[in-house]
Amino acid sequence: MLENIHSSADLKRLSLDQLKVLADEMRDVIVRQVASKGGHLASSLGTVELTLALHVVYDTPEDKLVWDTGHQAYAHKLVTGRYKDFHTLKQFGGLSGFLKREESPYDAFGAGHATTSLSAALGMAAARTQLGRKNNVVGIIGDGSMTGGMAYEAMNNAGEIDEKIVFILNDNKMSISKNVGAISKYLNRILTNPTYNKFKDEVWDFAGKLPQGKNLQKLVSRADQGLKRMFMPGGLFEDLGIRYFGPVDGHNLEGLIEILSAVKELPGPNLIHVVTTKGYGWEKSEKDAIKWHASNPFDIESGKLKAAPAATPGLTKVFGEAITELARKDKRIIGITGAMPEGCGLNIMAAALPERVYDVGIAEEYAVTFAAGAACDGLKPVVAIYSTFLQRAYDQIVHDVAIQHLNVTFVLDRAGLVGLDGPTHHGAMDLSYLGMIPGMVILAPSDEKELRNLLHTALEYNDGPIAVRYPRGNALAPDEHLPFETLPIGLPKVVEDGEDVLILAVGPMLAYARKAAETLRAEGHRPTVVDVRTVKPLNARAYDELFARHRAVLTAEDNVLHGGYGTTIALLLNELGRGDMPLKHVSLPDEFVTHGEVPVLHRILGMDAEGIHKKAVELLNQVSPARI
C-alpha cells in the first residue's frame, strides 16, 4: 500500500481497516530498513498510529506538524512521498534521519535536538495570525523532552498569547534512556488515575441526554477546573492556561482520529496526552526500548548485529570505566548527564556508584549550573554531554562556570563528525565555542590511553573549567587499564621527528597525520608529526622551538577552522614574529556537513590521510628551493 501513499489526501481515502493494514506495513518497512542500514527504531515504531491519525485529520502540508527531535518521524517520512527513497535513509546523499525543511514541504521544522517543537509551533501559529491565514498548527513532543526547560517556556507563553494550537504529548515513559524527574512521575500519576476522565465523560454524556442538555454541558465545562482539582494530581497544564485531554491510547487509531478531530476545532492552546509504547509492534524493541532506540544493522530474526563486535572497546566505554576507577579513589567526583547515561558512558559509573551519578533529563542548561553549584561547595563534577548538545548550555558555561572560575570538568563525547546523524549531531564547533571562553582549558586525546590520562589530568586540575573532548568510535588497541599518568597541560608531544614540514594534529586527526607522514617520507620528505593534546592554552616557548626548526606548518583538526586550533596557531605565529611562515590548515569547512559514513565524509572534505598529504605537498612546493 505504501507505494500509493504520497500525501495526507491519499490517507484520507482509506478506510479504518485499510489504515490498520498500512500501519503494519509501515512497521515492517521501518524494521527492515534499520536492520539493513541502521538508524533510530523504537521511537518511530511507537508513533505509527499517531502519525497516520495526524495526517488523516489535518490537511498537511498546509496544516503544520512540528515534530520534536525527528527520530520519531520515520513513519511521517513514509507517508509524505518518501517511501521510494526510504532505503537511502541516513546514507550519504540520501534521506536525513531527522526532519529537514529542504527535504520535504511536510517537514515544517527541522530538528535533531529535543524540546524545540512547542516553541517552533507557537511561532508558526503567531505567523498564521499575523498574516491572516487559517491553517492549523500541531506541536508533537515526547515526554522525555518535557524535562527540558524550553518546553515550559513555550507552554507558559502559550497560555499568555492564546493562539489556536494543539500540543501532542507523546508519552512513552522514555527519552533515549528511562525518563527521570518529577515531571515523569507526574505524568505517571495521570496514567494511573483515570477517575477524572471517566467521571467527566459520564457526566458529559448524562448531561447531554437531559432537557436543556446543552446548557447543562456548558455548566459542566465551567465546573471542569474544579473537577480536575478533585480528581487529578495537579492540573499543571490547566494552570498554565492549556486545556488538557487524556490520557489517550496512542495505538487506538480510531480513538486518536476521533479526539484529534474534536480538539482540532477548539480555540486557544490545547494539549492531548497520548500514551504510546516505545518500540510498539516489534517484540524485541518492546522488551528493550533502550537497546533498540537506535541500532546498527542487525539480523531481524535473532536481533544480533550483522557486523562482528569491534576487537577494541568503544571510547565511550573507555571513559566510563576510567571515571568509575577515578571516582572510587576520590569521593568528591560526581557524574552528571542529560538523559544519556548509556550514550555518554556514565551508566558504568551509575552501576558501580549509583548515588554519585545524576541524570538530570534533557536539561543541559540545568546540568551545567547544577555542576557549578556542586563545584562551589567542594565536589569535582564531571559533566558528560555530547559536543553538539553542550552547545545548548553555552551561557551557563560562560556565566555560571567560567566567570566564577569553578573547577568543572566537561567531557564531550561525539566531538568531530559523528556520521549518519548528520549536521544536527556533528560535534563540529566545540574547539571554537569553548576556546573563546577566558580561562577554559581544552584537552584532545588522540587515543584511548590519552583519554584515560587526560581525564585524570583534568580531575587533578584545580584552576578553573577544563574540557576533554573525544570522537565517536573505538579504541585503537585492546583494552588496557594502565596506571593513570598526569600529563603536562599546554605542551605538544612530538611523535615523529623531522625538519621540513611540521604537522600539528588534534586528537583523532593524529592517525591520519601519521599515515600522511609515512607517504611523505617515502617521497623523500622529512615531516614532523605532533600530537597536540592541549588545544588551549598553548605553551608559546615549546611551539616557538618547533617553529624554529621547520620550514612550514600544517594544522589538522576535526573542527571548523574559524576560532579553532588552526586559527590559534596562525595568531601564535604572528605573536612570535613568524607571520611569514608558510601555513595551511586541514579542518571542517565553513558549512554544515551532511550525513554519511565518517571515513567517506573525511575523504570528500580532504581531511583524511590523502588530504593531509596533499596539503603538505602544497606547502613544501610553496617553500623556496633555498629554504628546502
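Taken together, the values in this text are just the output of simple stated rules run on the coordinates, not laboratory data. Note that the coordinates shown come from a computational prediction; the quantities given were computed from them, not determined experimentally. All Cβ positions, even for glycine, are placed from backbone atoms using ideal geometry, and neighbour counts span all protein chains on display.
Taking each pair of different alpha-carbon atoms in the chain once, compute 1/r for the pair, average those values, and report the inverse of that mean as the Kirkwood hydrodynamic radius in Å to one decimal.
Working: mean 1/r = 0.0377 Å⁻¹.
Result for the chain stands at 26.6 Å.
May I ask you to derive the FRET efficiency for GLN404 and GLU485 from their Cβ-Cβ distance with R0 = 30 Å, giving the value to the nearest 0.05?
Details: r = 30 Å, r/R0 = 0.99.
E(calc), rounded to 0.05, equals 0.50.
With θ set to phi - 60°, apply the Karplus curve 6.51 cos²θ - 1.76 cosθ + 1.60 along region 153-164 and write out the HN-Hα couplings as whole Hz, x wherever there is a Gly or Pro.
Couplings: 4, 5, 5, 4, 6, 4, x, 7, 8, 6, 6, 6 Hz.
Considering amide H positions built from the backbone, and no H for Pro or chain starts, which residues 5 or more places from LEU99, or on another chain, come under 5 Å of its amide H?
For LEU99, whose amide H was placed from the backbone, the distant partners under 5 Å are ALA111.
Give me the aspartates and glutamates in straight-line cross-link reach of LYS317: C-alpha distance below 15 Å, same-chain residues under 8 apart excluded.
Result set, ordered by chain and number: GLU325, GLU342, ASP413, ASP447, GLU448, GLU450, ASP479, GLU480.
Could you check the spin-label model distance between GLU591 and GLU3? Points 7 Å from the Cα along Cα→Cβ, value in nm.
According to this spin-label approximation, the distance is 3.5 nm.
At R0 = 22 Å, how high is the FRET efficiency between ASN462 and ALA352 if r is their beta carbon distance? Nearest 0.05 is fine. Display every interim value, and only then the final one.
Details: r = 25 Å, r/R0 = 1.13.
Efficiency for this residue pair is about 0.30.
Sticking with the crude label model, points 7 Å out along Cα→Cβ, report the distance from GLU496 to ASP580 in nm, one decimal please.
Spacing of the two 7 Å Cα→Cβ label points: 3.0 nm.
Taking the Cα centre of region 1-136 as origin, sum charge times position over the Cβ atoms of Lys and Arg (+1) and Asp and Glu (-1), and report the length of that vector in debye to the nearest 20.
Numbers: 16 positive and 15 negative charges, 51 e Å.
Here region 1-136 has a charge dipole of around 240 debye.
Of the options LEU41, ASN172, VAL383, report the single residue whose Cα projects farthest towards the positive end of the charge dipole of the chain (beta-carbon charges: Lys, Arg +1; Asp, Glu -1).
In the chain, that residue is ASN172.
Placing unit charges on C-beta atoms (Lys and Arg positive, Asp and Glu negative, everything else neutral), compute the dipole magnitude of region 494-622 about its Cα centre in debye, rounded to 20. Provide the component values of the computation, followed by the final result.
Numbers: 14 positive and 19 negative charges, 35 e Å.
Dipole size: approximately 160 debye.
Among rounded, prolate and oblate, which fits region 315-469 when a ≥ b ≥ c are the square roots of the eigenvalues of its C-alpha gyration tensor, a/c under 1.5 means rounded, and a/b larger than b/c means prolate? Don't skip to the answer; put the middle values down first.
Values: a/c = 1.28, a/b = 1.06, b/c = 1.21.
Rounded, since a/c falls under 1.5.
What ³J(HN,Hα) values, in whole Hz, does the Karplus curve 6.51 cos²θ - 1.76 cosθ + 1.60 give for region 37-43 when θ = phi - 60°, with x put for Gly and Pro?
Couplings: 10, x, x, 7, 10, 4, 4 Hz.
Under a Cβ-only charge scheme (Lys and Arg +1, Asp and Glu -1), can you give me the dipole magnitude of the chain about the Cα centre, in debye to the nearest 20? Spell out each step's value before the answer.
Details: 66 positive and 77 negative charges, 119 e Å.
Computed about the Cα centre, the dipole is about 580 debye.
For ALA428, what residues show an amide H to amide H distance below 5 Å, using hydrogens built from the backbone and excluding near sequence neighbours?
Close amide H contacts, sequence-distant or interchain: GLY416.
Go through region 499-549 and name the GluC sites (Glu not before Pro) that are in a DSSP coil and have 14 or fewer other Cβ atoms within 10 Å of their Cβ. Working shown, then result.
Working: sites: GLU499, GLU518, GLU523, GLU545; in loops: GLU499, GLU523.
Filter output for region 499-549: GLU499, GLU523.
How much length is gained on full extension from LYS614 to GLU62, taking 0.36 nm per residue of separation minus their Cα-Cα distance?
Details: separation 552, 0.36 × 552 = 198.72 nm, distance 4.96 nm.
Stretched fully, the LYS614-GLU62 segment lengthens by 193.8 nm.
Pop the C-beta distance of ARG101 and LEU571 into the FRET formula with R0 = 41 Å and round what comes out to the nearest 0.05.
Once rounded, the FRET efficiency stands at 0.65.
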